[in-house]
1. Kindly state which helices (runs of 4 or more DSSP H) lie completely within segment 103-220 and contain at least 1 residues that are aromatic (Phe, Trp, Tyr).
2. Can you pull out every residue in segment 21-47 that is under 20 Å from residue 109 (Cβ atoms) and exposed (fewer than 15 other Cβ atoms within 10 Å of the Cβ)?
3. In segment 184-217, what residues are in contact with a helix residue (DSSP H, G or I) (Cβ under 6 Å, 6 or more places away or on another chain) and small (Gly, Ala, Ser)?
4. Out of the residues in segment 1-16 that are over 19 Å from residue 108 (Cα atoms) and of a type outside the set (Gly, Ala, Ser), which is surrounded by the most Cβ atoms within 10 Å (Cβ to Cβ)?
5. Testing residue 187 on (1) on the phi > 0 side of the Ramachandran plot; (2) without any contact (Cβ under 8 Å) to a residue 12 or more places away in the chain, one condition comes back false. Which one is that?
6. Name the pairs whose Cβ atoms lie under 9 Å apart, with the first residue in segment 160-182 and under 11 Å from residue 143 (Cβ atoms), the second of a type in the set (A, V, I, L, M, F, W, C) and at pLDDT below 95, and 6 or more positions between them or separate chains?
7. So, residue 62, is that one farther than 21 Å from residue 150 by Cβ and touching a Phe, Trp or Tyr at 6+ places or on another chain (Cβ under 8 Å) or not?
8. Show the residue pairs meeting these rules: Cβ distance below 9 Å; 6+ apart or different chains; first residue within segment 195-210 and of a type in the set (A, V, I, L, M, F, W, C); second residue in a helix (DSSP H, G or I).
Amino acid sequence: MGYTSLKAADGHRLSAYVTEPTQKPRAGVVVVQEIFGVNAHIRELVNKFSSLGYWAVAPALFDRAEKNVELAYDDSDIERGRALREKVGWDNPMLDIKAAVDAVRPAGKVGVVGYCWGGSLAWLAASKMVVDCSVAYYGGQIKQFKNEKPRCPVMMLFGDQDTSIPLTDVEDIKKAQPKVQVSVLPGPHGFNCNYRKSYNADSAGKALDKTLVFFKAHLG
């Protein structure tokens, strides 16, 4: 485990946290960050997927605006993360996620899993590049991109108490994408993150189980 450097198609160099399994990898998994950078939570997720046999990598999507960003979950860092998200936009992260996909492609099939902002990016990645499946956790901007045409199987996970993604939005997404597997679990936004006050251990465990079943079906 540790950091490596990736090169995107436009020549941009970015950092990425990567962990290879001890045995032959089952497949590759790209873990897409929240608006808080490749922080401890994202690194733990990379390590978790690696421990389950996947070659996992998290590209540092804020590197285009600022290097070495690791934010906490307080109000000031939320505002800083949102500002960085606006700076990098939507197109540049696609280049950087693609670089991460290419980095673990030697493992065979590659899946993407994203959280919060990364959930929306994981949804876009399913239509913008060749991946074998995509999992989007509580992506707040998915609704505005609900008419994208995914090129692979997609699963989305939402919290039933998420005030930033009302259930009416989830229903709109389901209507626009009837082939997408959508699950609603108990909890608010960020229920998967044990560094947030909104953490729901039971829902986080169920979400991981669903993710692993989905990965097994589409990645092996």
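The values are calculated or read from the model by the stated rules, or taken from the named source; none is laboratory data. Just so it is clear, the model here is predicted, and its values are computed rather than measured. Heads up, the Cβs are rebuilt from the backbone with ideal geometry, glycines too, and the neighbour counts pull from every protein chain shown.
1. Values: elements: 117-128, 167-176, 201-218.
Here the list reads 117-128, 201-218.
2. Our first condition is that a residue be under 20 Å from residue 109 (Cβ atoms); within segment 21-47, this holds for 21-32, 45-46.
Residues satisfying the conditions are 22, 23, 24.
3. Of the residues in segment 184-217, the ones in contact with a helix residue (DSSP H, G or I) (Cβ under 6 Å, 6 or more places away or on another chain) are 185-187, 191-193, 195.
Passing the criteria: only 187.
4. Going residue by residue through segment 1-16, those that are over 19 Å from residue 108 (Cα atoms) are 1-5, 7-16.
With of a type outside the set (Gly, Ala, Ser) added as a condition, the list becomes 1, 3-4, 7, 10, 12-14.
Details: 1: 11, 3: 13, 4: 13, 7: 14, 10: 11, 12: 14, 13: 10, 14: 21.
Out of the qualifying residues, it is 14.
5. Of everything listed in (1) on the phi > 0 side of the Ramachandran plot; (2) without any contact (Cβ under 8 Å) to a residue 12 or more places away in the chain, residue 187 misses just condition (2).
6. If the second residue must be of a type in the set (A, V, I, L, M, F, W, C) and at pLDDT below 95, no pairs are left.
7. Working: farther than 21 Å from residue 150 by Cβ: yes; touching a Phe, Trp or Tyr at 6+ places or on another chain (Cβ under 8 Å): no.
Taking the combined requirement at face value, the residue does not satisfy it.
8. That search, which allows pairs on different chains as well, returns 208/48.
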